């Protein structure tokens, strides 16, 4: 299997890549930090990856997406799974008062994903198959006070995926929206952890399984589906008073 | 957060920082205030307070493989890689770790810092004897390479050095070729301690050897035990013989009330186990997972000792006085009405050159005791017996030994602090244990 991973040095992406490496897949990794990419590449080769190549790119440079993806897929010799994992967790208080900051975060977490999907879709349509898997977040399910800029960017992605899924159906291309809950990774190092927190490895296992099954919207771990159901049905007149 | 070792005693408040890579580790170590002390923490599998300090540097994310050389049989990886992950990668290639402790959940960094041993110490030595090189981050943030030929002093101090010389970032390990993932196990029943010692001596050339002991048997039965010997199964070189299987484990979800582990329940368990073993077949073929890591099947088994936790007591006594010394220890324990749920006896081979490594030629006994106030005076008495027999305690399991006992039994402690003073003059790397033992202040 040929797997393209974008945002490959994030904790969830790394854990997922390791599972695919163990299954002797060919991998191509894209991320911003070249040094970390190189380390991940050798890690995956030891774990059993058939091939592991990488390219360095700041994903906020939208104009370069097309060229880079084209070259990556060519090097990989085709693509069965494209997994989009990158993101950043902004400080809500800062992005709330600075549009420039908010724009940057929405670019990273929202628009760059749309750009990548736009570039990837034709390849998948042409080959009549494959899976586009994108990591959004439970934060996109409803705008909550502590992180609604991040949430807005993620819900942009989720809504886009819902439409794209239908559009690509006739071309036999599968689209998965993966919504992780609280994940204990370097990105969330500053938060105190509780029983609801999952490890990147747990989320990665769920991702691999749902790609194999052809699921549509996936909560990782599964109990977030129930939690977010409750969060979504809370009436606005109550919800607006909630600070969580 | 509240931090604790595997024995869940003692507990301490600590900040846990988990750097994503070596660069962020460097920032943490170098930016740290001089007054604050920190210690590396791998998988949290040492029992006592050796990985407790105000600031803990977790190696969870330093878990990358860097290079595997199948010809040379060497592996280079980050300190946070767990031994189980190594087996997962190496076993399908017919390679294995030459020394394995009783759990595969320990990290490479932790295994080196505690210089862990396995059931084959009498033949293959301890973990660090198969470590080719380590990259150590010093208190200054500088990373130095240490091996038997390069920075040799620092290498000898850091292998088994309980993380006190610096933070291990990466290591190169020597692997061993194995014919299959199966172990042919032979068990020998011994009706008393003397018989057990005789069995061990008679089978000194066996690859793996460890004895389970019924600690609660007294009188003529004292030291009744089962000796387990193991050899690699000569496989037919089938690929399936080298397959790695992820085994499911059952987790103990919460601390069970500690009164469940009392003398009667332990006695019942131990005597039932002994009689079952006595009548079971004497040879069997076991998967390496069942052979090396039976306790990993029950994750969080440490919770069975209740919320107050337990203390593991492991000591080694040199050959000549070992039988007499261990008899005295067992008598003392039974006289005090205490018991150990799991008791393990094993023969060690020669000591290595590492300054604070535990193993030395002789016999080692491991006992575990539920944490209760009345236990501590007993352990102090056991310390005296151990010292009288020229023995010592294992630092990775210790939570309460006194400075005097430590310094009397680890004669290289002075050489150790001389080397530590050179690389860490302000004692940035210090644990609750090193403070207690007078290695740091």
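Shape verdict for region B:290-337, please, from the Cα gyration tensor: rounded (a/c under 1.5), prolate (a/b greater than b/c) or oblate. In terms of gyration-tensor shape, oblate. Each principal axis of region B:254-344 carries a Cα extent, and these read 37, 36, 24 Å when sorted largest first. Cα-based radius of gyration for region B:341-410, normalised by 2.2 N^0.38 Å, reads 1.13.
In terms of other Cβ atoms within 10 Å, B:18, B:231 run from fewest to most in the order B:231, B:18. Considering every alpha-carbon pair of region B:148-219, the percent of pairs per 10 Å bin, from zero through the bin containing the longest distance, is 13, 27, 19, 30, 12, 0. Considering helices alone, the calculated mean residue ellipticity of the protein assembly as shown at 222 nm is -10500 deg cm²/dmol, with DSSP H runs of length four and up weighted by -39500 (n - 2.57) and normalised per residue. Measuring spread by the Cα atoms of region B:198-242 yields a radius of gyration and Dmax of 15.7, 50 Å.
Here the mean projected area of the convex hull built on the C-alpha positions of region B:225-384 is 12.8 nm². In plain terms, the C-alpha convex hull of region B:89-145 casts an average shadow of 5.0 nm² when viewed from every direction. Just so you know, the Rg over Rh for region B:317-441 is 0.99, from Cα atoms, with Rh as the Kirkwood radius. From the largest down, region A:1-120 spans 47, 25, 21 angstrom on the principal axes of its Cα atoms.
Take peptide B:110-116, look around each residue's Cβ out to 10 angstrom, count Cβ atoms belonging to other protein chains, and average those counts.
Per residue, the number of nearby Cβ atoms from other chains is 0 on average.
Applying D = kT/(6 pi eta Rh) to the protein assembly as shown, where Rh is the Kirkwood radius over alpha-carbon pairs, T corresponds to 25 °C and eta to 0.890 mPa s, the Stokes-Einstein value obtained is 90 µm²/s. The Rg/Rh ratio for chain B is 0.95, where Rg is the radius of gyration of the alpha carbons and Rh is the Kirkwood radius. Partner shielding of A:11-21 amounts to 1, given as the average count of beta-carbon atoms from other chains within 10 Å of each residue beta-carbon.
For the residues of A:33-45, the average number of beta carbons from a partner chain within 10 Å of their own beta carbon is 3. For chain A, the longest principal axis of the C-alpha atoms and the axis of helix A:223-233 are separated by about 40°.
Computed over region B:271-311, the alpha-carbon pair-distance distribution with 5 angstrom bins reads 5, 17, 13, 20, 22, 13, 7, 2, each value a whole percent.
The calculated Kirkwood hydrodynamic radius for region B:1-146 is 16.2 Å, given to one decimal from all distinct C-alpha pairs. Work out the P(r) tail for chain A: percent of alpha carbon pairs separated by more than 24 Å, whole number. Everything past 24 Å amounts to 44 percent. Distance distribution P(r), region A:62-169, all Cα-Cα pairs, bin width 10 angstrom from 0: 14, 43, 29, 13, 2 percent. Its Cα gyration tensor gives region A:132-203 an equivalent ellipsoid; the semi-axes, largest first and in whole Å, are 27, 15, 8. Diffusion coefficient (Stokes-Einstein, Kirkwood radius over C-alpha pairs, 37 °C, 0.692 mPa s) for region B:228-269: 216 µm²/s, rounded to a whole number. Taking the three principal axes of the alpha carbon atoms in region A:160-244, the coordinate ranges are 44, 35, 20 Å, sorted in descending order.
Treating each Cα of region B:1-41 as an identical point scatterer and summing with the Debye formula, the log10 of I(q)/I(0) at q = 0.20, 0.21, 0.30 Å⁻¹ comes to -0.73, -0.78, -1.09. Built from the Cα atoms of region B:212-312, the convex hull projects on average onto 8.7 nm², one quarter of its surface area.
Every number in this text was worked out from the coordinates using simple rules, so none of it is lab data. Note that the coordinates shown come from a computational prediction; the quantities given were computed from them, not determined experimentally. Glycine also receives a Cβ, built like all others from the backbone with ideal geometry; neighbour counts cover every protein chain displayed.
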